[in-house]
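The values are calculated or read from the model by the stated rules, or taken from the named source; none is laboratory data. Predicted model only: the values in this text are computed from it and were never measured. Quick reminder, even Gly has a Cβ in these numbers, built from the backbone with ideal geometry, and neighbours come from all protein chains shown. Note: accessible area is taken over every heavy atom of the protein model, side chains too, but ligands, DNA and RNA are not part of it. Shrake-Rupley method; radii C 1.70, N 1.55, O 1.52, S 1.80 Å.
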Amino acid sequence: MGSAQLDNANPTILNASDLPSHRRRRQGRDTSSKEHGVKEVLMAKPSYSLDPFYLSDFSDTDSDDSTIEPIDEQEIYDLIAPISDPEHPLSLESLGVVKLQDVHLISPSDLTNTVALSRVLVELTPTVTHCSLATVIGLGVRVRLEQALPPSYRVEVKIKKDTHAQAEEVNKQLADKERVAAALENANLMGILRKMMEPCLA
Amino acid sequence: MLLVHLVVLYLCVRFENPDNIPSYDAGVKWTAKALQALAKWETRFPRGDTSIVAEAVFKLPSKGFKEQLPPTRLAVFELLDFLACTYSGVIQRDMGASSFVQGIVLVAEFEKDPRCLKVLFQTYQGISQDWTLNPESLKLMWDSFSRYFPITLKTTDTSVPTREELQQLLIGCFASSDGYAVHAFPYLFDGLDTSEDTLTNTVLETLRACVNAYTPKVVSQWCSKIWDALKFEVWDGTKDEYIERTLDVLQAIGEKLDNGDLNWDEPASPFAQYILTASTECSERLHDSKAQHVLGSGKILRAIASSSSFGFNLVIKSVLPKMLVIWDDLISKDKKTALLSVFSDILQARLDLRDGINIALSQGHNLERYSAKAEATLAVSLGAFQQSIVDDVLINAMMELGTGDAGVDTPYKVNAIKGLVVGARIPAFLSDYHRGTVILEFSKLAADRLQSAEIHQELIQALQQIAVEDVDRFRDLTLMTFLAQLPDRLSSSKAELANELNSAAFILESLIQIACTSTCKVELAGPSLHTETDVKFRVFEQLQEALLKKLHRVLSLPDQLQFANAILIAIYRGLYVFDELLSREKAGAKSHSSSLSETGPFTWIIKDLYETYVHQKSHQGGPLDGLPYVGLSITLDSESIVNDTFFNLLSKLTTLVLRSSQTTSANNPVFNAGREGSNQIWNLFCLDPTAESLNTTQQNLESGPAEKCLMNVLSMSLVAGLRRDEKDRMAIEAGNTAMSMIKNAISPQQCSPFVKVSILNFLQLLINKFGAAKEQIANDDRNLVQIMLDLAADSTSKGESELQRIYQTLAYFTAALLAAGGAAVKDLVSQMISGISNPMIGRKVAQSFRLLLARSEVMTEQNFCVIRKLRKQHLFFLATDRLIDMWRGSEHKEVQENCLIALAGIFAEMDLKVLEDNAEKIFPLILEGTNVSDDYTMYTHILLIRTVLIACPNIASTHLDSIINRMTDRTHNTYDSPSDASVKCRAAALEVLALLVGHLDRGALLRRKAKMMIELDVALDDCSRTVRSAAEHTKMRWFNLVEHEA
């Protein structure tokens, strides 16, 4: 934010141990760091697992494709938790702006119904009640979820009740599709949003 | 000598060049070299000419010396350095040290070349150390070299000295004379105010060098100022590296000032003043200061207390009384946590002193200053506070280890453990009762699976440190406590079994971490079963003995093979971890092997196992009726995979013992426990008298009971552990045994995949390691390669299963020969390629190409096999073109797919360079390979696209639409139209799509962005979380793809 005065120069940063745990991201990347303890040797794949002449004898349980893993609140939280605050080089989760318990998901009862819509509501807690960047943060969260969730998910981002002096005004802006679309036409604003979302690509 | 004198005068005139002759200015380099050559001629060189030469050189600056080339200046500096070293007395007598110093400083005035500076720093260092110099001369030199501090050199030229080399020489200059202290310390203190990381490091390193080099008198004059300059580096420091370096300086001051003759009751000496000042200031910060200052004070106290016995004595006398009072008054857990850390630091200083004495003694140093009197006084001094520290602090803290909220109390508990372990390690500090109580409490807590990971790790480390110094209590307390947590038997219910196995694995792994990650330092108080081994094995041996006893007990019960497997894994893992440790401690391993000529230190483990579970039996019926064989004396499990695991572990354990760096040709158990007429490969350490026929009947797996196949796994493991040069001692015929294994492999006898692959591994070892393919086969004119080729070629009369066994054997055979670099590989690969088009087994043969380069568990370099680096390239050129031709030429889709499957097997392990060089040729096949309905092949080809995309983006860009289409065909996985790709393949395909951004042309990608975003929205709705995660990552990359970078 350049030389501008910070709204909250000394925000409270949550301990890593106080944060909700994340699901491991992109599991395929972690295969190199295998443990070799007693348990791991006990569970190790048999030596002939690569031998094609025994392919039918050996089934790799890791590649069980029949499991359906529906999107849940934790997955949505994991998508927005690493977003960077525009004022500080800190994640929204470490600043307590996004919290797992403030992510709400209403899914259709029939998951096989491809046209049914799911609804996501994320409530944000600004670090100070006068935070002037609440709208930008809300916009960042909204853009991130709209890009990272399937089109059948309707995203709503709000300021949590009693956490911001102008919550109503900010919520109104975040809910106004046309204003959001217009904001995204602004190259400078998009630059800020992309910067905020950089940690999501790490 | 006169002639030399005249030549010297002539050369000096060339330097001085009073008549300004132009050619003289051009010959400075060779003039200097000539003068140095003459000066080296010590018997002829007139010593009185030294000052003539020096004075002539010192006139060079007025003749444009700084414009001379670096090699010329280097020659001059080398000449001066030689004169200063060799004729120092003559120079000081004839021209005076001051004049020489003035001269050389003038010559060096503009010097910047690293090569010249290297020589100059050496000269300065030599003069400063050896000459008698006045303060003015020292100041001149100080001004000359200190301006280079710190060295900043940015060059990749390997012919010049490195920055580090010059820096060390410059530090040497700083430390070369007491006379520099007055300049160096203030200069370095100023350097501490910098914000540059490198400079701070260099300043601290230089300070330490100065403290180490200057005399105690000088250090004592400066120590209080050094203390004032450095203390806040520790208290307020944020970088551990600086803090450690600062503590090193503070410790070095203590070591320097301790002269060993100090009066322990004399508080006025500079050393005592230094220690007392630091101790007092630290103790003032122990109360009501922020935690960082308390922790920093602990580190400082440890540093100064560990500098000498005298220092330790002063520290504890001045600090401990206050600490104990503070401790009694403290209620806050945070403050107690910090103060506990300081107690640990002070006790650790006692151990540091002991370790320092031990190291010094082992290096043969004179240890007068660590006199018995000092040691006794130290014990008395610490003894005065012993009871208070033990009862009020340590034992008190221990009582709280098993209580409280794990999360909140973790730092306190960790510090309590650290303090207790240090207390337990100090000789006679804890009473026997307290020591035992601590070990028992630690063991109970560490064996609790619900303990937090951090505390568990701390406890394991503590128990490990105590165990290697107290093996008796490890055996009687720790080992017993942990083993008591293991059940007698595991449940038969599957649900409970998994949980019980996990608990057992936790206990066993904890024991391995305690007993196998460090070598023992003390002997058992009682008799040891292993008198022939070194003391360092004791803790390891106690664990292995206990585990073997437990294994035997468990196996005496029915249906407990799974539990036995867990214990056997622990025996194997323990040995593996300990053997690795010994290999790292090479010196220890060397001394050990020399004392173990008869029996290896691990032999007893496998002999115990084999002698318990193996014994001789007789064949009942069949062609081998009545003949002996070596079989099992345990009851096998109903599930073959459980049996396979047991024999797999036993096999790995055996190989590990044989290939250990502790096993030599002299103590190798395979050659040391021979029975007449048989050898251990077939006999398997069987105690019964064995018949000679065992050598042939044991390897014949076509006849006899199934258990012989399991015993063959063990025979294979013995062969795996033998070195290549032990072929003759192995006493089996490699060719004929390999032939037996081929027959066993293609025999229709039912056996588990593990057993069959072990037979094939046996074959591979004989071919790769012992050259079986070159040997004459009994009753056959053909060699093994020809026999294999004939078996595979004659396929018309054979059924599908037999053909599969033959081609499976062929694949393993080929892999072994390919790794060894055998010339016959070409024919074998050709035969495999021919097999691809066989409608019955073509698919399997194609898939078997992946075995040719795949990493094997048995055929490895660790097992002394030959694994040629060029094997990959060799296979590529033998097979790729033929497979491509076959793919192009075949009209059968299945054969085409088989070609792509075989190519995937080859490309999967290929060197990047080969792929890069052939990318253009193979890329269309790689693209086509992503359509093949074979998961391994599809995945491999997707990974290959990723590789080519990164390594050869130009080639990938010509296939951009094909890449996108192939990848989105894989990722398009909806309820109505499921993808043919697995989760792994879909995620990999998305990764390729993500990599397009950043590797290929932005404009070309932007034109396809709209289509991509639609496809990625589909992938975002995938049923797999892994795929969705890859999809959102990919989509963000495409979302950020805009015409111009922000």
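Structure notes:
- Conditions (1) in a helix (DSSP H, G or I); (2) surrounded by fewer than 20 Cβ atoms within 10 Å (Cβ to Cβ); (3) within 13 Å of chain A (Cβ to nearest Cβ): number failed by B:Asp969: (3)
- Per-region count, the range B:837-886, residues in a loop (DSSP other than H, G, I, E, B), small (Gly, Ala, Ser) and either away from chain A (no Cβ under 14 Å) or touching a His at 6+ places or on another chain (Cβ under 7 Å) (or both): 1
- Residue pairs meeting the criteria (Cβ under 7 Å; at least 6 apart or on separate chains; first at positive phi, in the range B:845-865; second in a loop (DSSP other than H, G, I, E, B) and surrounded by 20 or more Cβ atoms within 10 Å (Cβ to Cβ)): B:Phe864/B:Lys769
- Exclusive hit being within 14 Å of chain A (Cβ to nearest Cβ) and either open to solvent by less than 20 Å² (accessible area, probe 1.4 Å) or among the hydroxyl-bearing types (Ser, Thr, Tyr) (or both), set B:Leu582, B:Leu524, B:Leu568: B:Leu568
- Hits in the range A:161-202 (condition: among the polar types (S, T, N, Q) and under 21 Å from A:Gly96 (Cβ atoms)): A:Thr163, A:Gln166, A:Asn171
- For the range B:658-676, the tally of residues that are under 21 Å from B:His615 (Cα atoms) and either within 12 Å of chain A (Cβ to nearest Cβ) or of a type in the set (Val, Ile, Thr) (or both) stands at 1.
- Candidates B:Tyr148, B:Tyr187, filtered to the one that is open to solvent by 70 Å² or more (accessible area, probe 1.4 Å) and either over 37 Å from the mean Cα position of the chain (by Cα) or of a type in the set (Asp, Glu) (or both): B:Tyr187
- Taken together, the criteria exclude B:Gln808 from residues that are part of a loop (DSSP other than H, G, I, E, B) and in contact (Cβ under 8 Å) with a residue 24 or more places away in the chain.
- Residues (open to solvent by less than 40 Å² (accessible area, probe 1.4 Å), over 15 Å from A:Ile80 (Cα atoms) and free of Cβ contacts under 8 Å to residues at least 40 places away in the same chain) located in the range A:105-133: A:Pro108, A:Ala116
- Residue in the range B:733-747 that is crowded, with 21+ Cβ neighbours inside 10 Å and under 33 Å from the mean Cα position of the chain (by Cα) present: no
- Top-ranked residue in the range B:1018-1046 [being within 7 Å of chain A (Cβ to nearest Cβ) and either hydroxyl-bearing (Ser, Thr, Tyr) or farther than 17 Å from A:Cys200 by Cβ (or both); ranked as surrounded by the most Cβ atoms within 10 Å (Cβ to Cβ)]: B:Ser1029
- Conditions (1) more than 23 Å from B:Ala1031 (Cβ to Cβ); (2) at the interface with chain B (Cβ under 10 Å from one of its Cβ atoms): number failed by A:Ser109: (2)
For (1) open to solvent by 10 Å² or more (accessible area, probe 1.4 Å); (2) charged (D, E, K, R); (3) in the same structural domain as B:Lys536 (by TED's automatic domain parsing), each residue gets a yes or a no:
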residue	(1), (2), (3)
B:Arg435	yes, yes, yes
B:Leu440	yes, no, yes
B:Arg449	yes, yes, yes
B:Ala453	yes, no, yes
B:Leu459	no, no, yes
B:Val471	no, no, yes
B:Leu477	yes, no, yes
B:Thr481	yes, no, yes
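- Within the range B:416-440, the set of residues being under 33 Å from the mean Cα position of the chain (by Cα) and over 16 Å from B:Asp472 (Cβ atoms) comprises B:Ala416, B:Ile417, B:Lys418, B:Gly419, B:Leu420, B:Val421, B:Val422, B:Gly423, B:Ile426.
- Test for B:Gln465: is it open to solvent by 30 Å² or more (accessible area, probe 1.4 Å), closer than 14 Å to B:Ile512 by Cβ and in a helix (DSSP H, G or I): no
A quick yes/no check of all residues on (1) within 14 Å of chain B (Cβ to nearest Cβ); (2) of a type in the set (A, V, I, L, M, F, W, C); (3) on the phi < 0 side of the Ramachandran plot:
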{"residue": "A:Pro150", "(1), (2), (3)": "yes, no, yes"}
{"residue": "A:Lys160", "(1), (2), (3)": "no, no, yes"}
{"residue": "A:Ala165", "(1), (2), (3)": "no, yes, yes"}
{"residue": "A:Ala175", "(1), (2), (3)": "no, yes, yes"}
{"residue": "A:Met196", "(1), (2), (3)": "yes, yes, yes"}
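- Residue match in the range B:751-761 (condition: surrounded by fewer than 24 Cβ atoms within 10 Å (Cβ to Cβ) and among the hydroxyl-bearing types (Ser, Thr, Tyr)): yes
Per-residue answers, yes or no, for (1) in contact (Cβ under 8 Å) with a residue 60 or more places away in the chain; (2) more than 12 Å from chain A (Cβ to nearest Cβ):
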residue	(1), (2)
B:Phe474	yes, yes
B:Leu477	no, yes
B:Gln485	no, yes
B:Glu496	no, yes
B:Ala505	yes, no
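- Note on the range B:527-536: among residues that are open to solvent by less than 50 Å² (accessible area, probe 1.4 Å) and free of Cβ contacts under 8 Å to residues at least 60 places away in the same chain, the one that is farthest from B:Val468 (Cα to Cα) is B:Ser528.
- Output for the range B:86-123, where each listed residue is under 44 Å from the mean Cα position of the chain (by Cα) and outside any loop (DSSP other than H, G, I, E, B): B:Pro114, B:Arg115, B:Cys116, B:Leu117, B:Lys118, B:Val119, B:Leu120, B:Phe121, B:Gln122, B:Thr123
- Taking helices (runs of 4 or more DSSP H) as the structural unit, those lying wholly within the range A:83-202 and holding at least 3 residues that are at pLDDT below 90 and charged (D, E, K, R) correspond to A:177-184.
- One residue from B:Leu199, B:Leu204 being part of a helix (DSSP H, G or I), open to solvent by 10 Å² or more (accessible area, probe 1.4 Å) and under 25 Å from B:Ala303 (Cβ atoms): B:Leu199
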